[in-house]
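The values are calculated or read from the model by the stated rules, or taken from the named source; none is laboratory data. From a predicted model like this one, the values you see are computed outputs, not experimental measurements. Note that we place each Cβ from the backbone using ideal geometry, even for glycine, and neighbour counts take in every protein chain shown.
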């Protein structure tokens, strides 16, 4: 009887552990439950072997071996994904990285240029970078949003970045400070929505625009307002921002080279202090 119960628990654990989910919390929960079921099955089989003593047959040994193999399979299977994201196969991602971009319009050329730069500074999968770029393109200032995301996230453009101060997601939004405001604006409904790339970028863009409005368009002060850090942080973001504006100018073939010569804090935008 215990052998049948243990086998049923093993099968149930395998089914749960192999389930594919796009939600990070569900993924972790299924793995934990599956491991607990396997451990329970092993305990039942061990108890039966002890009850039988030396007369234990090979069935119990085979079932214990099956439990061990199933446990390894459960821990090994499943995608390594960002929260609320489903990854494609590694073969597809590598193929997309190797294939040269063949844009059919100026918009495609700009997108390809941005993605090439993002892939050069980040190890995130190609489809994650595409999601980030598309989300930023729906905001008012794509280049500035991506510059902030580059500086805030670690590793670069990591959708599930978090900090000791409680800042989370790609744009490092602090839920304790901003969740009520973001709910009121209808950007998110709950804290876990910030792990979604689209919601996170929209939330970060809203906070950034709010800081720009409060500081009358002064980029340095707005970036200090956004992050709570000093002018050095703002200058690092603006260097990336300048590079992206330069990138856009090159793609649009306007012959315009936008450069910020940041040799001192006083030279930037007439001074930020």
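Observations, loosely collected:
- Unmet criterion (only one of (1) within 17 Å of residue 145 (Cβ to Cβ); (2) in contact with a strand residue (DSSP E or B) (Cβ under 7 Å, 6 or more places away or on another chain)) for residue 208: (2)
- Pairs where the first residue, in segment 117-130, is touching a residue at least 40 places away in the same chain (Cβ under 8 Å) and the second is part of a helix (DSSP H, G or I) and surrounded by fewer than 18 Cβ atoms within 10 Å (Cβ to Cβ), C-beta under 7 Å, 6+ apart: 117/247; 127/93
- Hey, residue 183 under 19 Å from residue 234 (Cα atoms), out of contact with any strand residue (DSSP E or B) (no Cβ under 7 Å at 6 or more places or on another chain) and in the same structural domain as residue 245 (by TED's automatic domain parsing) or not: no
- Condition met for residue 232 (out of contact with any strand residue (DSSP E or B) (no Cβ under 8 Å at 6 or more places or on another chain), more than 26 Å from residue 131 (Cα to Cα), assigned by TED's automatic domain parsing to the domain that holds residue 127 and in a helix (DSSP H, G or I)): yes
- Considering the conditions (1) farther than 27 Å from residue 126 by Cα; (2) free of Cβ contacts under 8 Å to residues at least 60 places away in the same chain; (3) in a helix (DSSP H, G or I), residue 209 is excluded by exactly one of them, (2).
- Selection status of residue 271, over 29 Å from the mean Cα position of the chain (by Cα), on the phi > 0 side of the Ramachandran plot and either crowded, with 19+ Cβ neighbours inside 10 Å or at pLDDT below 50 (or both): no
- Subset of segment 166-199 (residues that are crowded, with 16+ Cβ neighbours inside 10 Å, free of Cβ contacts under 8 Å to residues at least 60 places away in the same chain and part of a helix (DSSP H, G or I)): 175, 178, 179, 182, 193, 194, 199
- Only residues that are more than 22 Å from residue 112 (Cα to Cα) and in a loop (DSSP other than H, G, I, E, B) were counted across segment 124-165, and they come to 6.
- Checklist (1) modelled with pLDDT under 50; (2) assigned to a helix (DSSP H, G or I) applied to residue 102, failing item: (2)
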